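One structure below.
The values are calculated or read from the model by the stated rules, or taken from the named source; none is laboratory data. All values reported here derive from a predicted model rather than from experimental measurement. When we count neighbours, we look across all protein chains shown, and the Cβ atoms used for this are built from the backbone with ideal geometry, even at glycine. Ligands, DNA and RNA are stripped out before the accessible areas are found, and what is left, the full protein with its side chains, is counted by its heavy atoms. Shrake-Rupley method; radii C 1.70, N 1.55, O 1.52, S 1.80 Å.
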Amino acid sequence: MTQLTNCRLAWFNGKFMPENQVLIPFRDRSWRYGDGVFDMTRTFNGRAFRLKEHIDRFYCSLLYLRLDPGMSPQEMIDVSEQIVARNEHLRGAAGDWWIGQRVSRGVDPIGDEVPEHSGPNVVVECTPLPLKARARQFRDGLDVWTPAQRRIAPDMLSPRAKTHNYLNMIVAEQSVKAHDPEGWAVLLDVNGNLAEGMGSNIFVVRGGTLYTPSERYVLAGISRQMTLDLARKLAIAAIEGDIDLFDAANAEEMFLTSTSLCIAGVRSFNGAKIGDGRAPGPITKRLTDAYIAAVGCDFVKQYLDRLADAT
Ligand code: PMP
């Protein structure tokens, strides 16, 4: 019988092990250069959300970086599901998990020395979602700011790939956090249109229509796609394209989507109220309710239930 421990299990290069035994060499190219790829999904009541879509995106990022993890997408799905199953006894306190898959290019031979392990390092792991940390933002709405730094241009490094190099967004977020520690950065693209945040896509509602930046300039968020699918079902018109600061200033509603947030209403943009300043607005609320129904988990309640711990 498998022994249950109170240390989370991860999968590292073919083996399940306590996550504190996953040791990546300091010469790994991902640590040296950010030369790696990852993806993250979440569970709802312990069930992985759109795992196939996440793994498909993961393999697109891997191909873009010419990285071969040495296992098929189906094997990656199976291992991810195993990680959820083997950590299920620890989920109670966590509520739900973030599930991460990571591949780095590994260690280059240096001089004549042959590294102990050559080839990619592959990790599949899970961690608790930041439910408490974001509880107040779910109650009050998010404050979004556009930093001076632009999202990296697609012809420099494709923002459609989810790589281990987040420096563009980290530097941008730092300037926003210095000015509003609770604020969320959403970068503009090279043309001055809204792009994305460090871990989120943005939607704007104008004239009852939903707008979101096109995939050329952003990561194709799985929650973004889920939202577009729900909009179609609810007969809410949705357009993927350029959204400039004029559109943002005139937005009736705004929200961010991501694996962990799902849908989170924005109450202010660059210091100006969105609508009446009370997020979520009516269309955001309809989409949120449909999202909750589709995944069978009231993620808003899951956040709000942590309010007492957060204040
Ligand atoms: N953009 C970026 C840069 C991200 O890191 C993420 C998080 N994966 C997203 C958007 C949202 O994508 P998803 O809905 O798949 O979490």
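Details
- Legend: distances between Cα atoms for Lys52/Lys301; Lys52/Lys162; Lys177/Lys285; pairs beyond 18 Å are Lys52/Lys301; Lys177/Lys285.
- Surface per residue (accessible, 1.4 Å probe) for the stretch 135-310, Å²: 43
- Per-residue HN-Hα couplings for the stretch 6-17 [Karplus 6.51, -1.76, 1.60; θ = phi - 60°; Hz; x = Gly/Pro]: 9, 9, 4, 9, 10, 10, 9, 6, x, 10, 7, 7
- Inter-part distance where the stretch 226-284 and the stretch 185-216 are each reduced to a Cα centre, Å: 9
- Between 0 and 90°, nearest 10: helix 282-295 axis offset from the chain longest Cα axis: 30
- Only aspartates and glutamates eight or more places from Lys132 in sequence, or on another chain, were considered; those with a Cα closer than 16 Å are Asp96, Asp140, Glu182, Asp298, Asp305, Asp309.
- Between 0 and 90 degrees, the angle of helix 167-179 with respect to the longest Cα principal axis of the chain falls at about 50 degrees.
- The GNM of the chain, with springs linking C-alpha atoms under 10 angstrom apart, assigns the highest mean-square fluctuation among Asn165, Asn20, Asn121 to Asn20.
- Per-q log10 I(q)/I(0), the chain, q = 0.07 Å⁻¹ (Debye; single scatterer per alpha-carbon; no solvent): -0.29
- Between the helical axis of 51-64 and the longest alpha-carbon principal axis of the chain there is an angle of about 70 degrees.
- Residue order by solvent-accessible surface for Trp31, Trp11, Trp97, Trp145 is Trp31, Trp145, Trp11, Trp97, largest first, with ligands and nucleic acids left out and a 1.4 Å probe.
- Within the accessible area of the chain, the carbon and sulfur atoms contribute 53%, probe 1.4 Å, all protein chains present.
- One way to sum up the overall shape of the stretch 2-128 is the equivalent ellipsoid from its Cα gyration tensor, whose semi-axes run 26, 17, 11 Å, largest first.
- Counting charges near Gly207 (Lys, Arg +1; Asp, Glu -1) among other residues having Cβ under 13 Å from its Cβ returns a value of -2.
- For peptides 63-73, 209-219, sequence by mean Cβ density within 10 Å, most packed first: 209-219, 63-73
- Mean residue ellipticity at 222 nm, helices only, the chain: -8500 deg cm²/dmol; runs of at least 4 DSSP H residues each add -39,500 (n - 2.57), and the sum is divided by the number of residues.
- Residue order for Asp143, Asp108 - accessible surface, 1.4 angstrom probe, largest first: Asp108, Asp143
- Between the C-alpha center of the stretch 1-58 and that of the stretch 97-172 there is a gap of 13 Å.
- Note that the stretch 2-128 presents 53 Å² accessible area per residue, ligands and nucleic acids not counted, probe 1.4 Å.
- Dividing the mean sequence gap of close Cα pairs (under 8 Å, 6+ apart) by how many residues the chain holds gives a relative contact order of 17 percent.
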